[in-house]
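The values are calculated or read from the model by the stated rules, or taken from the named source; none is laboratory data. Note that the coordinates shown come from a computational prediction; the quantities given were computed from them, not determined experimentally. Cβ atoms come from the backbone with ideal geometry, glycine included; neighbour counts cover every protein chain shown. Surface areas here come from the heavy atoms of the whole protein model, side chains and all, with no ligands, DNA or RNA. Shrake-Rupley method; radii C 1.70, N 1.55, O 1.52, S 1.80 Å.
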Amino acid sequence: MINDIESVLIPEEKIRARIKEMAKQIENDYKGKTITVICILRGASVFFCDLVREINLDVRFEFMSVSSYGAGTTSSGEVRIVKDINTPLNGKDVLIVEDIIDSGSTLSFLKKILEQRGPASIKVCTLLDKPSRRKVDFKGDYVGFEIEDKFVVGCGLDYAEKYRNLRDVCILKPEVYTK
Ligand code: PRP
């Protein structure tokens, strides 16, 4: 796996430190509240586990799966719910946790769908953001790192389901995804 990596973009220690900062900010913003944190499978799983353990508040876990990419590297713009949550969201403070905002299609679709369920509030937390790739106007409320348009894997992010377990956010060698 390591032979497929061009370089480390964000090392594990930097990710850990940033997650702690984000968690503190979330704690301050949601003081005294219960947060329903929705992890968007599968990419967000690693970030989600690290983030929730740093948040010293009453946090409830939910998991959803939406698909936008298939096995390729570019978004089709098509989004569908593969796995929904069973819990009603009315009156709840909802925090959607994602690994990356790319075109913005996934989160813009998801946020609209979840807003219709009557939450008290709904915000988005993402580890990575690639603003230069936006096709749909969308802004995350908590953003770990803004990155340039490089193909990144690790810390939950995959290429064809591989590399999710790498500890750092890494740049994949172009020959890996162009062959
Ligand atoms: C990735 C990522 C986001 C979405 C972002 O998911 O986790 O959900 O793409 O792209 P967008 O802003 O262009 O919509 P993917 O569909 O690859 O599934 P995964 O989380 O299982 O890797």
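Taking one quarter of the surface of the convex hull spanned by the alpha-carbon atoms of the stretch 90-170 gives a direction-averaged projected area of 5.6 nm². Can you give the local net charge around Ile100? Use residues other than it whose beta-carbon is closer than 10 angstrom to its beta-carbon, Lys and Arg +1, Asp and Glu -1. Net of charged neighbours comes to -2.
Using only the Cα atoms of the stretch 129-179, construct the convex hull and provide its projected area averaged over every direction, in square nanometres to one decimal.
4.3
For the chain, place one equal point scatterer on every Cα, skip the solvent, and apply the Debye formula. What is log10 of I(q)/I(0) at q = 0.12, 0.15 Å⁻¹? For the chain, the Cα-only Debye profile gives -0.54, -0.84.
Tally Lys and Arg at +1 and Asp and Glu at -1 over the other residues with C-beta under 10 Å from the C-beta of Cys155: what net charge comes out? Could you put the intermediate results ahead of the total?
Working: positive: Arg164, Arg167; negative: Glu12, Asp50, Asp99, Asp168.
For residues surrounding Cys155, the net value is -2.
A simple spin-label model places the labels of Asn56 and Glu161 4.1 nm from each other, with each point 7 Å out along Cα-to-Cβ. Beyond 24 Å in Cα-Cα separation lie the following of the pairs Lys112/Lys173; Lys31/Lys92; Lys14/Lys179: Lys112/Lys173; Lys14/Lys179. A 1.4 Å probe run over the protein chains yields, for the stretch 18-154, 48 Å² of accessible area per residue, whole-number rounding. The stretch 8-74 and the stretch 119-179 have Cα centres separated by 13 Å. Packing, as the average of other Cβ atoms within 10 Å across residues, places the peptides 34-45, 99-110 in the order 99-110, 34-45, highest first.
Between 0 and 90 degrees, the angle of helix 12-29 with respect to the longest Cα principal axis of the chain falls at about 20 degrees. Against the chain, whose longest principal axis comes from its Cα atoms, helix 105-115 is set at around 10 degrees.
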